[in-house]
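Everything below concerns the one structure shown next.
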Amino acid sequence: VRPARAHQEFGAATRIGSRQEFQGAERALVVAGRVGRRGDAAREAYANAAAIQHYERLATVVDGVDRARALLDLSGVLELVGAWDRADAVAHDARALAEERGDAALVGWCDVSVAEIARKHGHYDDAVALLERAHATLTRHGDDAGAARALHLQGTVAAQQGKLDDAIGLYGRSREIRERTGDAAGLAALLLAFRLMLMWLFPKRPRQRR
């Protein structure tokens, strides 16, 4: 997490030379970093309630692109716990802020987040449109992780629509990027999605007793 507002205050204080302002800005920088790390740690430990609290707090102490990132992280956890409507609203807030600040790659990630929520609502056409736009944006700005994620989710939408050939092709394109970049976590998530697709499309029949 890069707390922009705290950095700005820190820089201003050093220019002004006020010890009180310097110390206040320094404290703001430390607090923002600490809150962000706590949120990340809670999310990685699946302590979703704690992660939500930390990201909510972080969004109040940072500004600009950093606030957009905090909101996007918050949206991701809300989506995991099933609070889809709030997750969607927060992701849209993050997107608006990222667009305002001119961070196109972050706008692409926000589109990915909104698309995943649309997919879970069964709004497949909306999800596909968002993912195609996100993939184009993220590819244009060299964000391999984001582009691979967009392709991954496009594959999942195709699988849910019964478009097996399309799903396999999209998963394959995502795999190529993740193998090239050494994204082990992304490859593991992709493999799981592929297995789930096969289980859903070709469910095992119970064996009949002889």
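The values are calculated or read from the model by the stated rules, or taken from the named source; none is laboratory data. This structure is a prediction, so every number in the text was calculated from the model and none was measured. Here Cβ is always computed from backbone atoms with ideal geometry, including for glycine, and neighbour counts include all displayed protein chains. Protein only, heavy atoms only, side chains kept; ligands, DNA and RNA dropped before computing areas. Shrake-Rupley method; radii C 1.70, N 1.55, O 1.52, S 1.80 Å.
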Are there any pairs with C-beta distances below 9 angstrom linking a residue in the range 161-177 that is without any contact (Cβ under 8 Å) to a residue 60 or more places away in the chain to a residue that is of a type in the set (Phe, Trp, Tyr) and assigned to a helix (DSSP H, G or I), with the two at least 6 apart or on different chains, and if so which?
GLN161/TYR124; ALA167/PHE194; ILE168/PHE194; TYR171/PHE194; ARG175/PHE194
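Among residues belonging to the range 51-104 that are hydroxyl-bearing (Ser, Thr, Tyr) and farther than 22 Å from GLY122 by Cα, point out the one that is least open to solvent (accessible area, probe 1.4 Å).
Going residue by residue through the range 51-104, those that are hydroxyl-bearing (Ser, Thr, Tyr) are 55, 60, 75.
After this cut, where a residue has to be farther than 22 Å from GLY122 by Cα as well, the list is 55, 60.
Details: TYR55: 0, THR60: 92 Å².
The qualifying residue least open to solvent (accessible area, probe 1.4 Å) is TYR55.
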With the checklist (1) part of a helix (DSSP H, G or I); (2) more than 15 Å from the chain's Cα centre (by Cα) in hand, flag the one item GLY162 doesn't pass.
(1)
Here are GLU116, GLU132: which of them is open to solvent by 60 Å² or more (accessible area, probe 1.4 Å) and either at pLDDT 95 or above or touching a strand residue (DSSP E or B) at 6+ places or on another chain (Cβ under 9 Å) (or both)?
GLU132
Might you check whether a residue that is within 18 Å of the chain's Cα centre (by Cα), surrounded by fewer than 22 Cβ atoms within 10 Å (Cβ to Cβ) and of a type outside the set (A, V, I, L, M) occurs anywhere in the range 192-206?
no
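Mind checking which residues of the range 139-152 are surrounded by 23 or more Cβ atoms within 10 Å (Cβ to Cβ), of a type outside the set (Lys, Arg) and under 23 Å from TRP84 (Cβ atoms)?
The initial filter retains those residues of the range 139-152 that are surrounded by 23 or more Cβ atoms within 10 Å (Cβ to Cβ), namely 147-152.
Those still in the list that are of a type outside the set (Lys, Arg) too: 147-148, 150-152.
Answer for the range 139-152, where residues must be surrounded by 23 or more Cβ atoms within 10 Å (Cβ to Cβ), of a type outside the set (Lys, Arg) and under 23 Å from TRP84 (Cβ atoms): ALA150, LEU151, HIS152.
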Pick from ASP93, ASP111, ASP85: which is at pLDDT 95 or above and over 14 Å from the mean Cα position of the chain (by Cα)?
ASP85
